[in-house]
Amino acid sequence: MPPPVFRFAPSPNGYLHLGHARSALLNFDLARASGGQFLLRIEDIDTARCRPEFEEAIYEDLDWLGLSWEQPVRRQSEHFDLYRETLVRLDQEGLLYRSFESRTEIARLVAERDTQGRWPRDPDGAPLYPGAGATQSASEQARLEQSGLPFALRLKVEAAMHQAGHLTWAESGEGPLGETGRVVAQPQAWGDVVLGRKETPASYHLSVVIDDAVQGVTHIVRGQDLFWATSVHRLLQNLLGLPEPAYRHHALVRDESGAKLSKSSQSTAIRALRATGLSPGDVRRMAGVEAG
């Protein structure tokens, strides 16, 4: 039986904080304890926000924490063609449609629907897509695309679920409400999720399942904020014939107000903590990870 494969996959759009440290350390410790591999992936699809100096800071911070990883590092920006090919495949299978409304137009539609009773939200609190893309004819979709309008490529979740059937995943951590064991996937809670845009070859949901499969990742250890996103990932894995990893979602590191950390939280940035004279062991303890 091949050794397990773990990964840490940050985006270089800011400096790593204590929450990232927790995920990275847990993955590294679990890989080492099981005789497995620890991979580092740079998720830099968003070329407008990702910057080389942040990527370099990721390497510096993880090295300072005492982590080492397999080479070469996979960078998503080097695999755009693969994501595009996958979108073409799903489109040819009739599982995608284009939505042409701008974010401003979508916000207006949601506001209108909210006056008639709160419009449904996804598990992150964002409104489900309220637009006309799903009901437009193929000829109308083609006409709008040929006009040069920007668009998002959305998954027909209901059709995809009908094709995939009942989906679950093995959870060895727990969800926000203590969900663990064999968890039933609920991709419908996200509505018709965006898998790509006219100028962007893939969304997070699509790229992450492709990358994990290509890299042979067997165990995904990440924060509870991504717990229910696993429903979408399990659906895509099924549609694309990709293997099902084991999942473990861990509690988030939160600030004094109870909010989860963000990359704008400079006081908890690993490099800021380093500058105060703290040791890697100090940061490990602050991240709530016992020494491996």
*Hey, rough spin-label estimate for residue 186 and residue 124, points 7 angstrom out along Cα→Cβ, what's it come to in nanometres?*
1.8
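DSSP beta bridges in the chain, what fraction antiparallel, as a percent rounded to 5?
55
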*What is the extension gain from residue 179 to residue 254, computed as 0.36 nm multiplied by their sequence separation minus the C-alpha to C-alpha distance, in nm to one decimal?*
25.0 nm
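Just how large is the dipole of the stretch 45-85 about the Cα centre, in debye to the nearest 20, putting +1 at every Lys and Arg Cβ and -1 at every Asp and Glu Cβ?
Values: 5 positive and 11 negative charges, 37 e Å.
Roughly 180 debye for the stretch 45-85.
Average projected area of the Cα convex hull of the chain, in nm²?
Values: hull surface 67.4 nm².
Its Cα hull, projected and averaged over all orientations, spans 16.8 nm².
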*Based on Cβ point charges of +1 for Lys and Arg and -1 for Asp and Glu, what charge dipole magnitude is obtained for the stretch 32-156 about its Cα centre, in debye rounded to the nearest 20?*
600
*Return the distance in nm (one decimal) between the two label points of a simple spin-label model at residue 242 and residue 59, each offset 7 Å from Cα along Cα→Cβ.*
2.6
*Grab the beta carbon distance between residue 88 and residue 158, set R0 = 25 Å, and tell me the FRET efficiency rounded to 0.05.*
0.70
*What angle, in degrees between 0 and 90 and rounded to the nearest 10, separates the Cα long axis of helix 18-34 from the longest principal axis of the Cα atoms of the chain?*
70
*Per the helix-only calculation at 222 nm, which mean residue ellipticity applies to the chain, given -39500 (n - 2.57) for every DSSP H run of n ≥ 4 and division by its residues, nearest 500 deg cm²/dmol?*
-11000 deg cm²/dmol
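Taking only Cα atoms of the stretch 22-179, what ratio of Rg to Rh do you get with Rh as the Kirkwood inverse-distance radius? Let's see the in-between values first.
Details: Rg = 20.8 Å, Rh = 20.1 Å.
My calculation puts Rg/Rh at 1.04.
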*Selection from 200, 116, 69, by position along the positive dipole direction of the chain (Cβ)*: 116
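Can you order the peptides 211-224, 132-145 by their average number of other Cβ atoms within 10 Å per residue, highest first?
Details: 211-224: 19.0, 132-145: 13.0.
Taking the mean over residues of other Cβ atoms within 10 Å, the ranking is 211-224, 132-145.
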_Separation between Cα centres of the stretch 5-64 and the stretch 145-184, rounded to whole Å_ = 25
_Selected from 291, 209, 242, residue furthest toward positive end of dipole (the chain; charges at beta carbon)_ = 291
*Quick one: dipole size for the chain, taken about the Cα centre, charges +1 on Lys/Arg Cβ and -1 on Asp/Glu Cβ, in debye to the nearest 20.*
260
*Provide the FRET efficiency to the nearest 0.05 for the residue 132-residue 81 pair, computing r from the beta carbons and using R0 = 41 Å.*
0.85
*Take every Cα-Cα distance within the stretch 48-120, group them into 10 Å bins from 0 onward, and report for each bin the whole-number percent of pairs it holds.*
13, 21, 23, 24, 16, 2
*Net lengthening on full extension, residue 215/residue 197 (0.36 nm per residue, minus Cα-Cα)*: 4.1 nm
*Cleavage-rule hits, GluC sites (Glu not before Pro), the stretch 37-111, DSSP coil, Cβ neighbours within 10 Å at most 14*: 70, 93
*Considering the dipole of the stretch 1-86 built from charges on the beta carbon (Lys and Arg +1, Asp and Glu -1) around the Cα centre, which of 57, 28, 16 is farthest to its positive end?*
28
*How much of the DSSP beta bridge set in the stretch 166-281 is antiparallel, as a percent to the nearest 5?*
50
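Find how much the distance from residue 139 to residue 170 grows on full extension, using 0.36 nm per residue of separation minus their present alpha carbon separation; answer in nm with one decimal. Present the calculation step by step, with values, prior to reporting the outcome.
Details: separation 31, 0.36 × 31 = 11.16 nm, distance 4.21 nm.
Extending this stretch completely gives an extra 7.0 nm.
Each value in this text was obtained by applying a stated rule to the coordinates, not by laboratory testing. Note that this is a predicted model, so its numbers are computed, not measured. When we count neighbours, we look across all protein chains shown, and the Cβ atoms used for this are built from the backbone with ideal geometry, even at glycine.
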